Amino acid sequence: MLAYRVSALFTVVFGILFALAEVIAITVYYRYTDEISGWDLSSFLALYATYGFIQYLYQFVFVVSHEELMDKIIEGELDYDLIRPVDSQFLCSARALDYPSLINMIAPLGLLIYCARKLELDLTLPIIISYSILVVLGVTLYYLINQF
């Protein structure tokens with residue numbers, strides 16, 4: 001990421017622009033109604049922000065390793081990982097991190113904080129821990145679907 005600074009800058013800028021475009025689209029949907037299927041604007045934006053956070057967290061941890069796995073299979077370098085005394089699937093899946101995805105998590109996190117204030121949520125420690133567990137479960141589900 002630091003070697004190609006312009007590419008990293010474009011990744012961050014385009015990530016924020018796409019998130020902004022989706023938020024604008026959501027607000028257009030809610031311009032003519034107060035709620036859609038029981039979701040008001042702030043609740044739906046919080047749901048969208050949670051999805052974005054889960055997506056970028058998954059990309060941060062797993063995407064680079066998935067791309068490397070295909071190269072290892074083609075080049076015949078997977079044997080060394082398979083004979084190690086650890087879980088080979090997790091070793092091959094979580095070896096490298098994608099730092100632009102970490103930077104792109106800022107937009108959903110900011111939107112989530114904005115929505116929490118707008119919804120006047122009482123953020124206690126058990127609620128924050130429960131939300132964090134659900135985010136980890138969401139990343140796990142995303143991982144398992146992609147592994148399937």
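The values are calculated or read from the model by the stated rules, or taken from the named source; none is laboratory data. Bear in mind the structure is a predicted one, so any value in this text is a computation, not a measurement. Ideal geometry is used to build each Cβ from the backbone, glycine not excepted, and the neighbour counts take in all protein chains shown. Quick note on the areas: whole protein, heavy atoms, side chains included, nothing else; ligands and nucleic acids left out. Shrake-Rupley method; radii C 1.70, N 1.55, O 1.52, S 1.80 Å.
May I ask you to give the solvent-accessible area per residue for the stretch 73-148, in square angstrom, as obtained with a 1.4 angstrom probe? Could the numbers behind the result be given before it?
Working: 5640 Å² over 76 residues.
Roughly 74 Å² per residue, with all protein chains present.
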How would Met70, Met105 line up by accessible area, probe 1.4 Å, largest first? Met70, Met105
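Using the membrane-span-like helix rule (whole DSSP H runs, Cα extent along the own axis of at least 20 Å, mean Kyte-Doolittle hydropathy at least 0.5), which helices of the chain qualify?
Working: long enough: 5-29 (36 Å, 1.98); 41-58 (25 Å, 0.97); 125-147 (33 Å, 1.69).
What comes out of the filter, once short or polar helices are dropped, is 5-29, 41-58, 125-147.
With the convex hull built on the Cα atoms of the chain, state its orientation-averaged projected area in nm². All intermediate terms of the calculation are to be shown ahead of the outcome.
Working: hull surface 47.5 nm².
With the hull built on Cα positions only, its mean projection is 11.9 nm².
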Length released on extending from Phe10 to Ile26, taking residue separation times 0.36 nm less the Cα-Cα span: 3.4 nm
With a ≥ b ≥ c from the Cα gyration tensor eigenvalues, square-rooted, and the rule rounded for a/c under 1.5, otherwise prolate when a/b > b/c and oblate otherwise, the stretch 57-103 is oblate
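Report the extension gain between Ile133 and Trp39 in nm, rounded to one decimal, defined as 0.36 nm multiplied by the number of residues separating them, less their alpha carbon distance.
Numbers: separation 94, 0.36 × 94 = 33.84 nm, distance 2.27 nm.
Gain on extension, Ile133 to Trp39, equals 31.6 nm.
What's the local net charge at Val64, with K and R +1, D and E -1, over the other residues with C-beta under 14 Å away?
Values: positive: Lys72, Arg95; negative: Glu67, Glu68, Asp71, Asp98.
Within the 14 Å Cβ shell, the charges total -2.
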Work out the charge dipole of the chain with +1 on the Cβ of Lys and Arg and -1 on the Cβ of Asp and Glu about the Cα centre, then indicate which of Phe90, Phe53, Val139 is farthest towards its positive end. Phe53
Could you put Tyr30, Tyr131 in order of accessible surface area, largest first, with the 1.4 Å probe and the full protein assembly present? Tyr131, Tyr30
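Could you work out what % of the accessible surface of the stretch 29-140 is carbon and sulfur, using a 1.4 angstrom probe and leaving DNA, RNA and ligands out of the count?
65 percent
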Where the only charges are on Cβ atoms (+1 Lys, Arg; -1 Asp, Glu), what is the dipole of the stretch 78-148 about its Cα centre, to the nearest 20 debye? 180 debye
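If the only charges are +1 at each Lys and Arg Cβ and -1 at each Asp and Glu Cβ, what is the size of the charge dipole of the chain around the Cα centre, to the nearest 20 debye?
380 debye
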Any idea of Val6's accessible area? Nearest 10 Å², probe 1.4 Å. 90 Å²
Cβ-Cβ cut-off under 14 Å around Ser42, Lys and Arg +1, Asp and Glu -1: the net charge is -2
